[in-house]
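For reference, the structure is listed below as C-alpha cells.
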Amino acid sequence: MDVSIRFRREMDKGLCRDTNPTAAVRMLPTFVLSTPDGTEQGEFLALDLGGANFRVLLVKVMADGEQKVEMENQIYDIPEHLMRGSGTELFDHIADCLANFLEKLGIKDKKLPLGFTFSFPCQQTKLDESVLLSWTKAFKSSGVEGKDVVSLLRKSIKKRGDFDVDILAVINDTVGTMMTCGYDDHLCEIGLIVGTGTNACYMEQMRNIELLDADEGRMCVNTEWGAFGDDGTLEDLRTDIDREIDAGSLNPGKQLFSRRLHKMVRRLVPDCDVRFLQSQCGSGKGAAMVTAVAYRLAAQNAERQRILDTMCLSREQLLEVKRRMSEEMVRGLSKQTHEQASVKMLPAYVRSTPDGTEHGDFLALDLGGSSFRVLLVQVQSGQRHKAKMQQKIYSIPQETMQGTGEELFDHIVDCIAAFLEYMGMKGASLPLGFTFSFPCHQSRLDQGILLKWTKGFKASGCEGHDVILLLKDAVRRRQEFDLNFVAVVNDTVGTMMTCGYEDPKCEVGLIVGTGTNACYMEEMSNIELVEGNEGRMSINMEWGAFGDNGELDDFCTRFDHIVDDSSNNPGKQRYEKMISGMYLGEIVRNVLIDFTSKGLLFRGKLSERLKTWGIFATKFLSQIESDRLAMRQIRSILQHLGLTSSTIDDSVLVKEVCSVVARRAAQLCGAGLAAVVDRMRENRNLNQFSVTVGVDGTLYKTHPHFSSIMQETLQDLAPQCQVTFQKSEDGSGKGAALITAVACRIKSEGQH
Ligand code: BG6
Ligand code: GLC
C-alpha cells in the first residue's frame with residue numbers, strides 16, 4: 001500500500017509542469033491519443049528495434065465485420081560492429097533490411113505507412129518525432145543521442161532511393177504492447193513490460209498532462225517507471241523488495257510471477273477490475289496498430305473537417321448576410337414590396353416609453369417562449385424602476401399547442417382564472433397586456449392578427465384572426481370574470497420595454513430563445529404602412545423569416561434542409577432555424593447521425609434514441625460547452641441519448657460539433673444585428689452611434705459563448721456602433737405591463 005501511495009505521488013510529480021524536470025518517474029507524453037476501435041483497416045509496416053530481436057513486419061488489418069489481422073514478419077541480424085559503430089551505418093542497415101523485406105513480398109513500389117517501435121528512452125514532441133535521450137542495453141552507436149530517430153531513418157531510406165514509406169509513428173514497447181492487446185480488447189488502456197527491464201504506460205486525461213497545453217481527450221503516457229526510486233524514495237523498503245524477489249526466485253517461472261502479480265494488484269485496488277492479457281505478438285504489431293489508428297484518425301478527421309467546414313462562415317459571407325438583411329428591411333418597410341418581403345417589419349404601435357407617472361395594477365400574459373406565464377405587475381408612480389411583480393408559470397401541453405384554437409385559448413383563460421384565484425383576486429377586472437410572441441399584423445395597440453404560427457405552435461383556426469378577440473371569446477365562454485384588453489405585444493418589444501425602464505438608451509429588443517427575433521425604434525417617416533411622419537415607432541422585424549425567399553440558400557447545409565423538412569413549417573423561418581434554441585439541437589443531432597453513419601463517430605453504431613426527433617435538447621449544447629467538468633457531463637448526456645459505449649474521443653467530437661453549430665448561430669445573429677444598428681445610425685445621420693440592446697431567451701442566457709461570439713461579430717461588422725447588451729432579468733411580461741400602463745396613462749390624459 002505504501003509503495004503504491006509513493007508511486008502515485010511520483011506520477012503526480014512527473015505530470016506537473018514545475019516538478020517534471022526533477023521527477024524520477026518522467027511520465028513522457030507519447031502523442032498516442034487513441035486506442036484501436038476496431039474500424040481500422042489497411043496494410044501497415046512496422047519495425048521493432050530494441051528487444052532481443054530486430055524485426056520487420058507487414059500487418060494487414062481488416063475491419064469487415066470480424067476484426068482480423070494478418071502478419072508477416074522477418075527477423076534480421078544486427079551485427080555487433082553496427083551496434084557500436086556510427087549511427088549512419090546502423091540506420092542504413094535498417095533501411096537495407098526494410099528494402100529486402102519489401103522486395104521479398106513484392107511490395108517495394110507501394111508507399112505504405114510505417115510504425116517504429118524504438119525501445120529506448122526518448123523525448124517525443126509529436127507522434128512521428130522522437131529524440132533519443134541515451135542508448136541503453138547493448139547499443140552505443142555514435143551520433144544518434146540527441147537526434148530525432150525518425151529523421152535518421154528517413155535520411156537512410158532516401159539515400160537508397162529505391163522505395164519509400166510514410167513513417168507515421170515512433171513508440172515505446174509498452175505502448176506497442178498496449179496497442180497490440182487493445183486491438184483485441186478495447187478496454188485495454190495500460191501496457192506493461194516485465195522482461196529484461198520493466199516499464200508501463202497508460203491512457204491519461206489530457207488535462208492532467210501539464211507539459212502539454214491541451215485539456216481535452218486523453219493521451220498515452222510512458223511512465224518510465226524503471227527509474228522509480230532513483231532519488232532514494234524506496235531506500236527504506238529495499239530489503240523488503242529484495243525479500244519478495246528472493247522468495248519469488250525460489251520458484252522461478254512466468255506463471256508464478258503473473259499469478260502473484262495479479263493477486264497483489266487485486267488486493268491493493270479491490271475497486272478496480274483489472275484483467276491481464278498476455279501479448280502474443282510482441283509490440284511490433286502494436287506499432288502497426290498505432291500507425292493504423294493514426295492513419296484512421298487522420299482520414300476520419302479530414303472527412304469530419306470537410307463536413308464541419310460547410311458550417312463555417314467567412315467574414316465576407318457574414319458581411320453578405322448583413323447586406324441582404326438590410327435590403328430585406330427596406331423591402332419590408334416599403335408599401336410596394338411589403339407583401340413579398342421575407343422580413344415583415346411589422347409596426348408595433350409602441351411609441352412612448354414610461355415617463356414615471358404611470359401607476360396601477362396590471363395583468364400580463366407571456367405566451368410563446370419556453371414557458372407560459374401569468375403575471376401581476378404593480379407600477380408605482382414616482383417610483384421609477386420599482387415595478388413589483390408576481391408571476392406563475394403554467395404548462396401548455398403539446399396537444400393544446402397543436403389542437404384547436406378554442407382549446408388553446410380556453411386553456412389560457414383557465415390559467416388566468418387559476419392565477420387570480422391564487423392571488424386572492426377572483427373576479428377582478430384589470431387592464432391586461434398580452435405578450436404574444438408570434439408574427440401579428442397590428443393596426444393599433446390592442447389588436448393583433450396572427451399571420452402564421454411559428455416555433456412549436458400549430459393550433460387550428462387562429463391564423464388570420466385577432467388574438468385579442470380569440471381571448472375575449474374564451475373569457476366570455478367562461479362567464480366568470482371580465483378583462484380590459486389594452487395591448488398585444490411581441491416579446492422583443494416587451495423585452496425592449498423591460499430593459500428600457502432601467503436604461504433609456506435601450507432602443508433594440510432581441511430574443512434568442514426557442515425562436516429568434518428583434519425589434520427596434522424606426523423613424524415614422526420610413527414606415528410606409530402607418531400614417532404620420534413624426535417621431536419613431538417600434539418595429540417587430542420578425543427576422544426569423546429572413547431566408548424564406550432564398551436569401552440564405554447559399555449558406556444553408558444539408559443539415560439545415562433536413563431540420564427544415566422535418567419541422568412544423570417547412571420552408572418558413574429559415575434564419576430562425578439556423579439560430580434559435582428550438583433547432584440547434586436538431587442540427588447537432590443530424591450532424592451526429594451523419595458522422596455515425598459514415599463510421600466517423602460512436603464506432604459507427606447508431607442508437608435508436610439518437611434517431612428520435614428533438615432528443616438532443618438545446619440545453620445540452622449549453623451544458624456541453626461549459627466548464628472543466630465538461631467531458632464527464634458530455635458522457636452522461638450521451639448516455640442519456642442511449643450511447644452508453646461512447647468513448648472520450650466521441651465526447652470531444654460531439655463538443656466540437658456543438659461548438660461549430662453554436663458559433664455559426666451566434667455569427668449569423670450578430671450579422672443580422674449589425675444590419676439593424678447600422679440602419680439606426682444611418683437613420684439618424686450619425687457617424688458614431690451608441691445604443692443598448694435588451695436581450696432575453698434561454699439560449700442567449702445559458703450558452704457559455706453565444707453572447708461573446710455574437711458581440712465580436714457585431715463589432716466587426718458594424719464598427720461605427722457602440723452596442724451595450726442588457727440581459728432582461730424580468731422577462732417581457734413586465735414590459736407588456738409597462739406598455740399597458742403607458743397606454744392607460746395616455747388614455748386617461750386624453751379624457752381629462
Ligand atoms: C422570456 C420572455 O423571458 O423569454 C418571453 O418573458 C420570451 O416573452 C422568452 O418569449 C424567450 O426565451 P425562451 O428561451 O423562453 O424562448
Ligand atoms: C418567433 C416568433 C416571434 C418571436 C420569436 C422569439 O420568431 O415568430 O414573434 O419574437 O420567435 O420568441
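Descriptive notes on the structure:
- If only residues of the stretch 71-95 that are loosely packed, with under 14 Cβ neighbours inside 10 Å and charged (D, E, K, R) are counted, the one that is nearest to residue 150 (Cα to Cα) is 77.
- Leading residue by the ranking (modelled with the highest pLDDT) among those in the stretch 258-304 that are assigned to a helix (DSSP H, G or I) and of a type in the set (Val, Ile, Thr): 291
- For residue 665, the requirement of being within 16 Å of ligand 1 (Cβ to nearest atom), surrounded by 24 or more Cβ atoms within 10 Å (Cβ to Cβ), assigned to a helix (DSSP H, G or I) and in the same structural domain as residue 505 (by the TED database) is met.
- Residue within the stretch 398-415 that is away from ligand 2 (no atom under 16 Å from the Cβ), open to solvent by 50 Å² or more (accessible area, probe 1.4 Å), assigned to a helix (DSSP H, G or I) and of a type in the set (Phe, Trp, Tyr) present: no
- Residues of the stretch 272-330 that turn out to be touching a Gly at 6+ places or on another chain (Cβ under 7 Å) and open to solvent by 60 Å² or more (accessible area, probe 1.4 Å), as a count: 1
- The one condition in (1) out of contact with any Ser or Thr (no Cβ under 7 Å at 6 or more places or on another chain); (2) at pLDDT 95 or above that residue 119 fails to fulfil: (2)
- Counting only helices (runs of 4 or more DSSP H) that sit wholly inside the stretch 1-116, those with at least 3 residues that are under 35 Å from the mean Cα position of the chain (by Cα) are 2-15.
- Contacts under 8 angstrom Cβ, first residue in the stretch 684-707 being under 26 Å from residue 535 (Cα atoms), partner among the aromatic types (Phe, Trp, Tyr), 6 or more apart: 692/725; 693/725; 695/725
- Matching option when the condition is open to solvent by less than 40 Å² (accessible area, probe 1.4 Å), within 16 Å of ligand 2 (Cβ to nearest atom) and without any contact (Cβ under 8 Å) to a residue 60 or more places away in the chain, among 372, 434: 372
- Search result, residues across the stretch 1-45 that are among the small types (Gly, Ala, Ser) and either open to solvent by 50 Å² or more (accessible area, probe 1.4 Å) or more than 29 Å from residue 216 (Cα to Cα) (or both): 4
Residue by residue, here is whether (1) at pLDDT below 95; (2) surrounded by 23 or more Cβ atoms within 10 Å (Cβ to Cβ); (3) within 16 Å of ligand 2 (Cβ to nearest atom) holds:
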site	(1), (2), (3)
503	yes, no, no
510	no, yes, yes
519	no, yes, yes
533	yes, no, no
541	no, yes, yes
547	no, yes, yes
552	no, no, yes
555	no, no, no
558	no, no, no
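- Sole exception among (1) in contact with a strand residue (DSSP E or B) (Cβ under 7 Å, 6 or more places away or on another chain); (2) within 21 Å of residue 326 (Cβ to Cβ); (3) assigned to a helix (DSSP H, G or I) for residue 723, by number: (3)
- Some residue of the stretch 468-484 being within 30 Å of residue 680 (Cα to Cα) and either aromatic (Phe, Trp, Tyr) or within 16 Å of ligand 2 (Cβ to nearest atom) (or both): no
The values are calculated or read from the model by the stated rules, or taken from the named source; none is laboratory data. On a predicted model such as this, the values are computed, not experimentally measured, just so you know. Neighbour counts are summed over all protein chains in view; Cβ atoms, including those assigned to glycine, are modelled from backbone coordinates with ideal geometry. Side chains included, ligands, DNA and RNA excluded: accessible areas come from the protein's heavy atoms. Shrake-Rupley method; radii C 1.70, N 1.55, O 1.52, S 1.80 Å.
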